[in-house]
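S.K.: There's a structure below that I have some questions on.
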Amino acid sequence: MLTRAITGLFFVLALLTSFYFGSLSTFFLFLVITTLGVEEFYNITSKSKEVAPLKFFGILISIITFVVISLIVAGKSEQKYFALPLLVLFLPFVIELYRKSKTPFVNIAYTIFGVFYITLPFAMLYHIGFYNNHQFSNDFTYTLIWGFFFILWSNDTGAYLSGKYFGKHKLFERISPKKTWEGSFGGALLSIVVAYVCSMFFEEITSKDWIIIAIITVVFGSLGDLVESMLKRSLTIKDSGNILPGHGGILDRFDGLFLSIPFVYAYLVLISK
């Protein structure tokens, strides 16, 4: 528990500090996280004898995709260059022709899935940093990203504490035997409270929007956790990695983000002016 607490403290401080210092530090942090996350995904999926993703090219595609999208949303590059990640996403089809694998399309699927599952959510989250007064702009602000993580972490904390002391009814025993409905409700309640507090300090969106984002994050963040558990169960592993002592790997730490951010992002797009 001490190792987990110390790691968690430094992890949280590193994230919040990077966001606070602006778009450049956030960009490099997300680039590192996505690169490590995609590599971790390919490492764990490669343990299956039937899967051999294109690790080098998958990581390269991930980097190109994140960099190009980030430059475009920050107003540093023209939108036409979005064609580059679209092109490289189809390279695995060509490369797999020359590998003589027995399961070529399984390899292609896992290679591309790593980019979609990890890289695109972080690219969306980076774009959320440019959301001000119900519209996207070229001006970066850390507050929405801070608020999202506060909500996400409060959901995890509330669910853990509520589940530990009050949990009786299993939520999804087949995938995650320890999760309970009581834990989910506790996480949801704490997240909504935190979202309301965020609305008092971060006024880029209304209190109603903050609460809706909290509900979206709770629902899809919890489902994202279950999806990652399903992935690990299908590969018969406990943790996705050990880069974060006491917390596992990148996928373990950001599992709720991967599924919740696309829905949060979509909501912000839909309420834009």
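Let's see how each residue does on (1) β-branched (Val, Ile, Thr); (2) in contact with an Asp or Glu (Cβ under 8 Å, 6 or more places away or on another chain):
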position: 94; (1), (2): yes, no
position: 106; (1), (2): yes, yes
position: 115; (1), (2): yes, no
position: 147; (1), (2): no, no
position: 151; (1), (2): yes, no
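S.K.: Being modelled with pLDDT of 95 or more and surrounded by 22 or more Cβ atoms within 10 Å (Cβ to Cβ) narrows it down to one of 260, 240, 184, 222, so name that one. Talk me through it step by step, then tell me what you get.
M.R.: Working: 240 fails: modelled with pLDDT of 95 or more; 184 fails: modelled with pLDDT of 95 or more; 222 fails: modelled with pLDDT of 95 or more.
The unique qualifying residue is 260.
S.K.: Consider residue 268 against the criteria (1) over 21 Å from residue 124 (Cα atoms); (2) touching a helix residue (DSSP H, G or I) at 6+ places or on another chain (Cβ under 7 Å): it satisfies all of them except one. Which criterion is unmet?
M.R.: Checking residue 268 against (1) over 21 Å from residue 124 (Cα atoms); (2) touching a helix residue (DSSP H, G or I) at 6+ places or on another chain (Cβ under 7 Å), the one that fails is (1).
S.K.: Okay, next question. For residue 131, state whether it is closer than 30 Å to residue 56 by Cα and either of a type in the set (Asp, Glu) or outside the structural domain of residue 213 (by TED's automatic domain parsing) (or both).
M.R.: Details: closer than 30 Å to residue 56 by Cα: no; either of a type in the set (Asp, Glu) or outside the structural domain of residue 213 (by TED's automatic domain parsing) (or both): yes.
For residue 131, the condition - closer than 30 Å to residue 56 by Cα and either of a type in the set (Asp, Glu) or outside the structural domain of residue 213 (by TED's automatic domain parsing) (or both) - is not met.
S.K.: Let me ask something additional. Check whether at least one residue in the range 162-177 is buried (at least 16 other Cβ atoms within 10 Å of the Cβ), of a type outside the set (Ser, Thr, Tyr) and within 15 Å of the chain's Cα centre (by Cα), and report yes or no.
M.R.: So far as the range 162-177 goes, no, none of its residues is buried (at least 16 other Cβ atoms within 10 Å of the Cβ), of a type outside the set (Ser, Thr, Tyr) and within 15 Å of the chain's Cα centre (by Cα).
S.K.: Scan 95, 128 and give me the residue that is farther than 21 Å from residue 220 by Cβ, of a type outside the set (Lys, Arg) and touching a helix residue (DSSP H, G or I) at 6+ places or on another chain (Cβ under 9 Å).
M.R.: Details: 128 fails: farther than 21 Å from residue 220 by Cβ.
Step by step, each of 95, 128 is checked, and only 95 is farther than 21 Å from residue 220 by Cβ, of a type outside the set (Lys, Arg) and touching a helix residue (DSSP H, G or I) at 6+ places or on another chain (Cβ under 9 Å).
S.K.: Here are 111, 141: which of them is buried (at least 17 other Cβ atoms within 10 Å of the Cβ) and closer than 20 Å to residue 46 by Cα? It would help to see each step written out before you state the result.
M.R.: Working: 141 fails: closer than 20 Å to residue 46 by Cα.
Only one candidate passes the filter, namely 111.
The values are calculated or read from the model by the stated rules, or taken from the named source; none is laboratory data. No experiment lies behind these values; they were computed from the predicted model shown. FYI the Cβ positions are ideal-geometry reconstructions off the backbone, even for glycines, and counts take in every protein chain you see.
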